[in-house]
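Student: Before we start, here is the structure in question, set down as structure tokens.
The values are calculated or read from the model by the stated rules, or taken from the named source; none is laboratory data. No experiment lies behind these values; they were computed from the predicted model shown. For neighbour counting, all protein chains shown are included, and Cβ atoms are generated from backbone atoms with ideal geometry for every residue, glycine included. SASA here: full protein model, heavy atoms, side chains in, ligands and nucleic acids out. Shrake-Rupley method; radii C 1.70, N 1.55, O 1.52, S 1.80 Å.
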Amino acid sequence: MSLTSEQVAQLRAAMAAYNFPATYYDFAQQAECVVQGMPEVERYIHALLTSPVAQEVENGLANIVFWGNANAGYQMHRVMKFKQGVTAQQVQAFQALVRQAQVPGLDAIKKLGMPQFSGISFISKITAFLNPAQCGVLDLLIARMRREGGPKALNTLRFHSAITPTAVNCAAYASWCAECQAISQQYLDGQPRAVDVERGFFYLIQNGQLEVARAIYEAA
């Protein structure tokens, strides 16, 4: 199977329409910053995550919790739980992982035991901010595209209420990222990043077009 021109147009339109809140939290100013688009959010959080300064890395991780819960009423509550629970040793261990590999494995991040980062939904947000060209997010909304059986990556996921980073699910995540890259290369001139393709699917599902998203995904 392959995508029709209409499906390619639908995915392009969804990527362009993606409108998850472009926001981050400036801990120095103790204020939320709402910016024009995701590129600014990405630059800000990526710089924090890759900083040699442990406090900045901690703030980067806290910002993933902040951004990821932007549409939730408990946004700052989750951020504060992370800030109060994370240890200096965990942050330093995360810094070591990033030094060793630009994008650490989901299981390696999980083993650090950082609060708010126990499942793939939020751990994959870390990898997506570290390397958006090759990585997207895999959360429960994206996982709604899966269908039992078949060769697609999402179909191999095994979970109930949360997508835990088991060996099977970590492999599914790696394949999902590869699928997003392949869609970009084959249908979108290779310009969109893996995270952009993922966000196109996210937008379709979030806006009541699950079957459209699934049809595109299965045909690609």
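Student: In whole Å, what is the distance between the alpha-carbon centres of the stretch 146-166 and the stretch 1-66?
Tutor: Centre-to-centre distance over Cα atoms comes out at 25 Å.
Student: Helix 194-206 against the longest principal axis of the chain: what's the angle in degrees, Cα atoms only, rounded to the nearest 10?
Tutor: 70
Student: Here is a further query. At a Förster distance of 41 Å, what's the computed FRET efficiency of ASP107 paired with GLN30, Cβ-Cβ distance as r, to 0.05?
Tutor: That gives a FRET efficiency of 0.75.
Student: Take the Cα of ALA171, step 7 Å along the line toward its Cβ, and report every residue of the stretch 119-158 whose backbone nitrogen sits under 16 Å from that point.
Tutor: Taking a point 7 Å out along Cα→Cβ of ALA171, the residues of the stretch 119-158 whose backbone N falls under 16 Å are 149-158.
Student: Right, something else. Taking a virtual spin label 7 Å from the Cα of MET76 along the C-beta vector, which residues in the stretch 6-49 bring their backbone nitrogen under 15 Å of it?
Tutor: In the stretch 6-49, the label zone of MET76 (backbone N under 15 Å from the point 7 Å along Cα→Cβ) covers 24-34.
Student: Does anyone have the angle between helix 210-219 and the longest principal axis of the chain? Alpha-carbon axes, 0 to 90°, nearest 10?
Tutor: 70
Student: What are the residues whose amide H is under 5 Å from the amide H of CYS33, where those residues sit 5 or more places off or on another chain and H is modelled from the backbone?
Tutor: Distant-sequence amide H within range of CYS33: TYR24, TYR25, ASP26.
Student: Keeping every protein chain present and rolling a 1.4 Å probe, give me the accessible area per residue for the stretch 151-220 in Å².
Tutor: Normalised by residue count, the accessible surface of the stretch 151-220 is 42 Å².
Student: Here is a follow-up. When the chain is treated as a GNM, springs tying every alpha-carbon pair under 10 Å, which of CYS170, CYS33, CYS135 comes out with the largest mean-square fluctuation?
Tutor: Ranking CYS170, CYS33, CYS135 by mean-square fluctuation puts CYS33 first.
Student: If the chain between THR50 and ALA93 were fully stretched, how many nm would it gain, using 0.36 nm times the residue separation less the Cα-Cα distance?
Tutor: Working: separation 43, 0.36 × 43 = 15.48 nm, distance 1.27 nm.
The THR50-ALA93 span can extend by a further 14.2 nm.
Student: Taking the stretch 101-220 as the region of interest, what is the percent of Cα-Cα pairs per 10 angstrom bin, listed from the shortest bin to the one with the maximum distance?
Tutor: Each 10 Å bin holds this share of Cα pairs: 14, 48, 32, 5.
Student: Through the Karplus equation 6.51 cos²θ - 1.76 cosθ + 1.60, θ set to phi - 60°, convert the phi angles of the stretch 49-63 into ³J(HN,Hα) values in whole Hz; use x for Gly and Pro.
Tutor: Each residue's phi maps through the Karplus curve to give 4, 9, 5, x, 8, 4, 5, 5, 5, 4, 5, x, 5, 4, 5 Hz.
Student: Taking K and R as +1 and D and E as -1, what net charge do the other residues with C-beta under 14 Å from the C-beta of LEU141 add up to?
Tutor: The answer is +3.
Student: Counting only protein heavy atoms and a 1.4 Å probe, tell me what percentage of the stretch 30-79's accessible area is made up of carbon and sulfur.
Tutor: With neighbouring chains kept in place, the figure for the stretch 30-79 is 50 percent.
Student: I want to check the label-to-label distance for ALA219 and SER161. Put each point 7 Å from Cα in the C-beta direction and report it in nm to one decimal.
Tutor: Reported label-point gap for ALA219 and SER161 is 3.8 nm.
Student: Follow-up question, since we're still on this one. Can you give the FRET efficiency for ALA13 and GLU40, using 1/(1 + (r/R0)^6), R0 = 35 Å, r = Cβ-Cβ distance, to the nearest 0.05?
Tutor: 0.95
Student: Okay, next question. Using only Cα atoms and rounding to the nearest 10 degrees, what angle (0 to 90) does helix 75-85 make with the longest principal axis of the chain?
Tutor: 50
Student: Taking 20 °C and 1.002 mPa s as the conditions, I'd like the Stokes-Einstein D for the chain in µm²/s, using the Kirkwood hydrodynamic radius from alpha carbon pairs.
Tutor: 121
Student: Relative to a virtual label point 7 Å from the Cα of SER2 in the Cα→beta-carbon direction, which members of the stretch 162-202 show backbone nitrogen distances below 20 Å?
Tutor: Residues passing the 20 Å test: 179-192.
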